Amino acid sequence: MPTRPIYWNVPGYLWLYLFFAITVGVLAWGLWGHYRVIRRGPRQPLWDQAGRRLWSLVVDGLFQRRFWTDPSAAVMHLFIMWGMLVLLFGTAIVLLEADFHLPVFRGTFYLWLSLALDVFGVLAAVGLVMALARRYLLRPARLDNRGEDALILGGLLFVVLNGFALEALRLAASPDPWAAWSPVGALLAAPLAGAAPTTLMAWHRVLWWLHLLTAMALVAWLPFSKLLHILTGPAHQLLRDLAPRGVLAPVDFSDEAREVYGLANLDEVGPRGRLALEACTRCGRCQEVCPAYLSGKPLTPKQVVLDLRAELEVALPWRQRAATPAAAGHAAAGGGAGGASAGTSSGRAGGAPATGPAARTIPGQVVETEVIWSCTTCGACQEQCPVYIDHPPLLVEMRRYLVMVEGEFPSEAQLALRNVEVNYNPWGVGWADRAAWAEGLGVPDFSAVVTEHPDAWLYWVGCAGAFDARNRQVAAAVAGLLQKAGVPFGILGTRERCCGDPARRLGNEYLFQTLAEHNVAALTGAGVRRIITACPHCYHVLSREYPALGGQFQVVHHTAFLADLLREGRLKPARQAAGEGVVYHDSCYLGRYAGIYDAPRHIVDALGARRVELPRARARSFCCGGGGGRTFLEESLGKRINLMRTDEIVGQGAKTAVTACPFCLTMLEDGAKERDRAFTVLDVAELLSRHL
Amino acid sequence: MRIVVCAKQVPDTEARVTVGKDGRSIDETGITFIINPYDEFALEEGLRIKERLGGQATVTMVCVGPPRAEEALRTGLAMGADAAVHVWDDSLAGADAAALALVLQAAVTQLGFDLILCGRVAIDDASAQVGLRLAERLGLPHANAVTKLEVQGSKLVAHREVEGGVEVVELPLPAVVTAQKGLNEPRYPTIPAIMKARRREIGRPGLAGLGLDAGKVADACRSEVLSLAPAPARKGGRLVAGEPQEAARTLAHLLREEAKVL
């Protein structure tokens, strides 16, 4: 029966049980430390939608779905991961045979396993060499190299190559009838054929112990190095937040004695958020696509996560001692080291939960305020992260603290928020003029329409459509198209207020909820069931954030609605766009947030225009710079994001750029003005109405 | 140091103002009211002086106005005022700057003060008199339209905005100072402060509590609003075409004969 001797040529192999015990002990101690850190903070349900979670574990964990936007990285990592998994499996089979005396390391299974171990060992080695080459030869900016990277990659490569060397030495020193099933070992054994068996065996013994000790050292090191992601990565893929992208958790304002809102420290972060921080592998995909980082602002999403993780890991038992002196200024009276267990089970309402010895205020002390205000919440980072870390909500939580507790934020933000408070729009135009754009256009008030058409659509105009001069033209175009198609619709007029997107993204959750309450009541009171809006930000808030505040409406973005009208023949383009080049720019909130990529493209195509795709399009689209309330802030650091995108459009040579978001329209039009009006910017609705 | 800030609630700058049915006041329906921006500068300055002095100062906000003005006082408390006093009586409707100065004099005297801060002008009636009339009534020195203010022991150093420059004046306490735009940037109240401000007591002495009555107020009035009319709608600009010399001549003619500004 095919098999091979276990512990061949290793007389003192019993020592390995001692090393094994040490390894398991260190590993368990380290993992227990991480587990305790993750379990701190408020409890939260983790296992809703279990089926979807397990499926994600398969496609995102085992098949690394999110890696495939960068194929070479995907191949590299899949090779390493699968190689190591199969080698681990082989080792486990040996363990079953040797220590549990199960007859598993034999027969046909043994032969195929033997072959598989060689094949996957080669794949692992290839993957590791690729990884080393990326890190130390290609050096992409997103990777920061630390000592542990070299040690881990080098260590793993050493273990794999050493395994092949052991195989070769064994085959060269003792004949094996099934050597063909270990092709790599057999190949390497050939040149050793002439060597003296005693020499070969001496080498074998040395390398065998090195192989074992290196492998065990790496296993024991797992909780203390980035190898931890082997466990935390899949764990977070499994337990991550499954809410639609960018939907922020509402703050509870019912307790009027509450003193702290937002992310002041990590006490209020539950296990899911903690696991997210522990899952980061420093791969830097988030950084590589971040408009703030690419335009030279101080924000890199990766560093935000790493800084927060460092703060979290202060509570690890082996970090506590090292961290205490540095934070002497904040050391509160009372127990320090016991904090790890004190804060979890009992009181977290009211007073300050037990924090570790080094509880610093996150905004300002752990993450610089300039970093916090740089984010456009475009979601490009989230789209890329292989382990599903959600960076922008963390930054918005920090803004909540700065705005609602400290009252410290850019003065332009203060102006925008005040404008929203007083006149219900961030531009601060008198709210009584909200319906002025519609004068003379025959756009009825919703209440006049709903009596006749109970299913009438509400056109949610949004602040931009109502108050911004340029976007008023878009509102007029949308209304005209709806009228032309005979769609029964009306507007709320002055009963509509800002949906609250800028307030919420700028961190004033209180103001957001005030607006949401008003709007939900106004919409419900008017008998609205279905809403069309031309603003992706309004779309996101109305469709995905109002439900948590009691507003349940069917919400459709105008691009989807207009595309349907074209398909149904209710709108017919009268003239074709004669092949003129039209660039389509994906809005972040329409694309990455709402997943609407095809409807606007369908409209452009239906008009006969030659659609030009930008290098960064669809899910990889590059922000205009206007999201997250940034439309209303100065952009004083680094390059201007809208000009970077403008230049990308200029590079495509088209004379028309089309978008479907009022902020994008404004930002790109400002950019085009600075580039000698190289192209005109239109909303999809405007493009359509020009061809009817 | 006892700092008293006098503030008025006014329609928002962007509000669409229409004349009410009586023809003598504005129609308040659909108008958002705010703290008069200049009074907000005054309040912010009071809070900053208090912060600079540490715990040795208090800021009290006084507002004469109808019941809706309570909202302005709550905002002031949320910004950091230590106390708020709301004075109202129906006989105060239509009271002019002279009458208001009388009421404020009674209010601040009852409170006790070392420094009185007012806005330079209210943006609704734009009379710009109340602060100065109050100072006169109290017989106190005052500095008007101040853009920078320092407390140095028992005296004030104030930078005043004057035509084409800045005048630096020194005045002894107690004194009245009116705030000009540029003095500071008012803070944004925090949520815990807003929550707390909702539950705070607001002093409501009433006219009688201040030793006044409707008759005294009426006697103090020096003016009466007879009618209000909306400002004429702004006409569009006019482009003067032609050769530069010719156009300049036409423009000069228009400015002299039609606009009558030359």
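Residue-wise test of (1) modelled with pLDDT under 95; (2) more than 30 Å from the chain's Cα centre (by Cα).
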residue: A:Trp15; (1), (2): yes, yes
residue: A:Ala28; (1), (2): no, no
residue: A:Leu31; (1), (2): no, no
residue: A:Arg40; (1), (2): yes, no
residue: A:Trp68; (1), (2): yes, no
residue: A:Phe79; (1), (2): no, no
residue: A:Leu87; (1), (2): no, yes
residue: A:His101; (1), (2): yes, yes
residue: A:Gly107; (1), (2): yes, yes
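Of all the residues in the range A:258-277, those that are within 14 Å of another protein chain (Cβ to nearest Cβ), aliphatic (A, V, I, L, M) and either closer than 17 Å to A:Pro392 by Cα or open to solvent by less than 40 Å² (accessible area, probe 1.4 Å) (or both) number 1. For A:Glu406, the requirement of being within 11 Å of chain B (Cβ to nearest Cβ) and either closer than 18 Å to A:Gln365 by Cβ or open to solvent by 30 Å² or more (accessible area, probe 1.4 Å) (or both) is met.
Does A:Val541 count as in a helix (DSSP H, G or I), buried (at least 19 other Cβ atoms within 10 Å of the Cβ) and in contact with a helix residue (DSSP H, G or I) (Cβ under 6 Å, 6 or more places away or on another chain)? Can you show your working first?
Details: in a helix (DSSP H, G or I): yes; buried (at least 19 other Cβ atoms within 10 Å of the Cβ): yes; in contact with a helix residue (DSSP H, G or I) (Cβ under 6 Å, 6 or more places away or on another chain): yes.
Spelling it out, A:Val541 is indeed in a helix (DSSP H, G or I), buried (at least 19 other Cβ atoms within 10 Å of the Cβ) and in contact with a helix residue (DSSP H, G or I) (Cβ under 6 Å, 6 or more places away or on another chain).
For the range A:165-204, the candidate set comprises residues that are within 21 Å of A:Thr108 (Cα to Cα) and within 44 Å of the chain's Cα centre (by Cα); within that set, the residue that is surrounded by the most Cβ atoms within 10 Å (Cβ to Cβ) is A:Glu167.
Say whether the condition of being closer than 30 Å to A:Thr369 by Cα and crowded, with 21+ Cβ neighbours inside 10 Å is met by at least one residue in the range A:468-485. Full working, then the answer.
Of the range A:468-485, the ones closer than 30 Å to A:Thr369 by Cα are A:468.
Add one more test, that the residue is crowded, with 21+ Cβ neighbours inside 10 Å, and what stays is A:468.
Yes - at least one qualifying residue is present in the range A:468-485.
Looking only at the range B:105-114, which residues are open to solvent by 10 Å² or more (accessible area, probe 1.4 Å) and either of a type in the set (Val, Ile, Thr) or under 11 Å from B:Cys6 (Cα atoms) (or both)?
Initially, the range B:105-114 is screened for residues open to solvent by 10 Å² or more (accessible area, probe 1.4 Å), giving B:105-106, B:109-114.
Scanning the range B:105-114 gives B:Gln105, B:Thr109.
Among A:Arg53, A:Arg39, which is the only one that is closer than 28 Å to A:Gln384 by Cβ, out of contact with any strand residue (DSSP E or B) (no Cβ under 8 Å at 6 or more places or on another chain) and of a type in the set (Lys, Arg)? Sole residue among the options that is closer than 28 Å to A:Gln384 by Cβ, out of contact with any strand residue (DSSP E or B) (no Cβ under 8 Å at 6 or more places or on another chain) and of a type in the set (Lys, Arg): A:Arg53. Applying the set (1) of a type outside the set (A, V, I, L, M, F, W, C); (2) within 20 Å of A:Ile230 (Cβ to Cβ); (3) within 29 Å of the chain's Cα centre (by Cα) to A:Thr91 leaves exactly one unmet item: (3). Can we say B:Val177 is assigned by TED's automatic domain parsing to the domain that holds B:Thr147, without any contact (Cβ under 8 Å) to a residue 40 or more places away in the chain, hydrophobic (A, V, I, L, M, F, W, C) and assigned to a strand (DSSP E or B)? Spelling it out, it is not the case that B:Val177 is assigned by TED's automatic domain parsing to the domain that holds B:Thr147, without any contact (Cβ under 8 Å) to a residue 40 or more places away in the chain, hydrophobic (A, V, I, L, M, F, W, C) and assigned to a strand (DSSP E or B).
The residue of the range A:411-455 that is farthest from the other protein chains (Cβ to nearest Cβ), among those that are within 24 Å of A:Leu482 (Cβ to Cβ) and small (Gly, Ala, Ser), is A:Gly442. Please list, ordered by first then second residue, the pairs with beta carbon atoms under 6 Å, 6 or more apart or interchain, first in the range A:611-622 and within 21 Å of A:Gly579 (Cβ to Cβ), second open to solvent by 20 Å² or more (accessible area, probe 1.4 Å) and in a loop (DSSP other than H, G, I, E, B). Sorted first by the residue in the range A:611-622, then by its partner, the pairs are A:Val612/A:Gln652. Within the range B:132-144, can one find any residue that is free of Cβ contacts under 8 Å to residues at least 40 places away in the same chain, within 14 Å of another protein chain (Cβ to nearest Cβ) and not in a helix (DSSP H, G or I)? No, the range B:132-144 has no match at all. For the range A:461-505, which residues satisfy the criterion of being assigned to a helix (DSSP H, G or I), on the phi > 0 side of the Ramachandran plot and either within 37 Å of the chain's Cα centre (by Cα) or more than 14 Å from chain B (Cβ to nearest Cβ) (or both)? Within the range A:461-505, just A:Gly462 meets the criteria.
In the list A:Ser374, A:Ser411, which residue meets the criterion of being closer than 25 Å to A:Asp468 by Cβ and at pLDDT below 95?
Numbers: A:Ser374 fails: at pLDDT below 95.
Residue meeting the stated conditions: A:Ser411.
Scan the helices (runs of 4 or more DSSP H) fully inside the range B:182-262 and keep the ones with 1 or more residues being modelled with pLDDT of 95 or more.
Numbers: elements: B:191-199, B:206-209, B:214-220, B:244-257.
Ranges flagged: B:191-199, B:206-209, B:214-220.
All of A:Leu218, A:Leu242, A:Leu231, A:Leu248 fail the test of being part of a helix (DSSP H, G or I) and either open to solvent by less than 60 Å² (accessible area, probe 1.4 Å) or within 14 Å of chain B (Cβ to nearest Cβ) (or both), apart from A:Leu218.
When restricted to residues that are surrounded by 20 or more Cβ atoms within 10 Å (Cβ to Cβ) and more than 10 Å from every other protein chain (Cβ to nearest Cβ), the range B:181-200 contains 2.
On the given criteria, is A:Gly629 surrounded by 24 or more Cβ atoms within 10 Å (Cβ to Cβ) and within 20 Å of the chain's Cα centre (by Cα)? Judged against the criteria, A:Gly629 is a match.
Screening A:Val387 against (1) open to solvent by 30 Å² or more (accessible area, probe 1.4 Å); (2) farther than 16 Å from A:Thr631 by Cα; (3) more than 9 Å from chain B (Cβ to nearest Cβ); (4) not in a helix (DSSP H, G or I) leaves a single unmet condition, (1).
The values are calculated or read from the model by the stated rules, or taken from the named source; none is laboratory data. Computed from a predicted structure; not experimentally measured. Cβ atoms come from the backbone with ideal geometry, glycine included; neighbour counts cover every protein chain shown. Remember, those area values only see protein heavy atoms, side chains included, never the ligands or the DNA or RNA. Shrake-Rupley method; radii C 1.70, N 1.55, O 1.52, S 1.80 Å.
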